[in-house]
Amino acid sequence: MTTIAIVGAGAGLGAKIAQRFGREGFDVALISRNQERLDSLAGDLATDGIRAKGFVANVRDATSLASALDRAGQELGPVEVLEYSPLPQKEFLRPILETTPADAAAAVEFSVLGPIAAVHQVLQGMRFLGRGTILFVNGGSAVRPTAKYAGTSISFAAESAYGTMLHDSLRVENIHVGQLIIPGAISAGHPRKDPSILADTLWAMHAERGDFRRFADDMDAE
């Protein structure tokens, strides 16, 4: 049995991704900063017959993130799918003229160094399996910089560049790298941005592969 590791798992999109991949037979490693919430989510998934376990990590601490992914692989099974979608912190959403070097550094830790640490940890296992999928989820500022959200505009653009390079470099190894852009807010009941629909989209990206980037909705609908 192989595992999907969901970095930034929570009760919204993360839970729906866990359910969607769990229905397909994946074990689920849930990674975030709060063990109590992770345990609650894992318990909810267990009632659906999905094997899940929570592992605490702070994505801005590369050592803790690598350790959590290592434990997930040992306790659940090799990580075949890595999904990275932690929610940006408030200080990453400040206007450009108010953004300090510390703000920008924190955003880069969150959206660039975190993904690099996660990918570095799981990549050897994917190579051993002979397959794998890495999925990044970003807001619209990843492709359209927005001066009122400087931190994510800077760091998501760098994450996009990193993901693009991974996509081009790893496809010859049967490892697919994809990015889902979600303009605006995730919204329950929305025809394209409901969490369940987004989880279906991420499953399709894993199953169908193809291009690096998909859009959950039109950018002008943001």
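Things worth noting here:
- Here the range 36-80 yields Rg over Rh of 1.01, to two decimals, using C-alpha coordinates and the Kirkwood radius.
- Antiparallel bridge percentage (DSSP; both residues within the range 87-210; nearest 5): 0
- Taking amide H as placed 1.01 Å from N in the peptide plane, the amide H of Arg213 sits under 5 Å from that of Gln179, each at least 5 places away or on another chain.
- Top of Val143, Val81, Val172 by mean-square fluctuation, Gaussian network on the chain, Cα under 10 Å: Val172
- Taking Leu97, Leu129, Leu170 in turn, the Gaussian network model of the chain (Cα-Cα springs below 10 Å) assigns the largest fluctuation to Leu97.
- Distance-filtered residues of the range 173-199 - backbone nitrogen under 16 Å, label point 7 angstrom along Arg209 Cα→Cβ: 173-179
- Gain on full stretching of the segment that runs from Ser40 to Arg127 - 0.36 nm per residue minus C-alpha separation: 28.1 nm
- D_trans [Stokes-Einstein, Kirkwood Rh over alpha-carbon pairs] for the chain, 20 °C, 1.002 mPa s, µm² s⁻¹: 124
- Alpha-carbon centroids, the range 41-56 and the range 76-101: separation in whole Å: 23
- Each of Ile154, Ile96 has some number of other Cβ atoms within 10 Å of its Cβ, and from fewest to most they run Ile96, Ile154.
- Candidates His120, His206, His167, ranked by Gaussian network fluctuation over the chain, Cα under 10 Å, top entry: His120
- Degrees, to the nearest 10: 35-47 long Cα axis against longest axis of the chain: 50
- DSSP bridge orientation in the range 3-221 - percent antiparallel, rounded to nearest 5: 0
- Distant-in-sequence amide H partners of Thr133 (H built 1.01 Å from N, under 5 Å): Val81, Leu82, His176
- Couplings 3J(HN,Hα) of the range 132-138, computed from phi: x, 9, 10, 10, 9, 10, 9 Hz, in residue order, whole Hz [Karplus 6.51 cos²θ - 1.76 cosθ + 1.60, θ = phi - 60°; x for Gly and Pro].
- Here the relative contact order of the chain, from alpha carbon pairs under 8 Å that lie six or more residues apart, stands at 19 percent.
- Net charge of Cβ neighbours under 14 Å - reference Asp194; Lys, Arg +1; Asp, Glu -1: +2
- Fewest-first sequence of Asp39, Asp218 by Cβ atoms within 10 Å of each Cβ: Asp218, Asp39
- The stretch between His120 and Lys148, if pulled fully straight at 0.36 nm per residue, gains 6.9 nm over its current Cα-Cα span.
- Integer Hz, Karplus 6.51/-1.76/1.60 couplings in order for the range 199-209, x for Gly and Pro: 5, 4, 4, 5, 4, 4, 4, 5, 6, 9, 6
- Loop-located trypsin sites (Lys or Arg not before Pro) in the range 99-185 (DSSP state other than H, G, I, E, B) with a sparse environment of at most 14 neighbouring Cβ atoms within 10 Å: Arg131, Lys148.
- Ellipticity at 222 nm from helices only: DSSP H runs of n ≥ 4 in the chain, each -39500 (n - 2.57), divided by the residue count, give -14000 deg cm²/dmol.
None of the figures in this text is laboratory data; all of them are computed from the coordinates on show. Just so it is clear, the structure is predicted and the values come from calculations on it, not from any experiment. In this analysis, Cβ positions are derived from the backbone assuming ideal geometry, glycine residues included, and neighbour counts consider all displayed protein chains.
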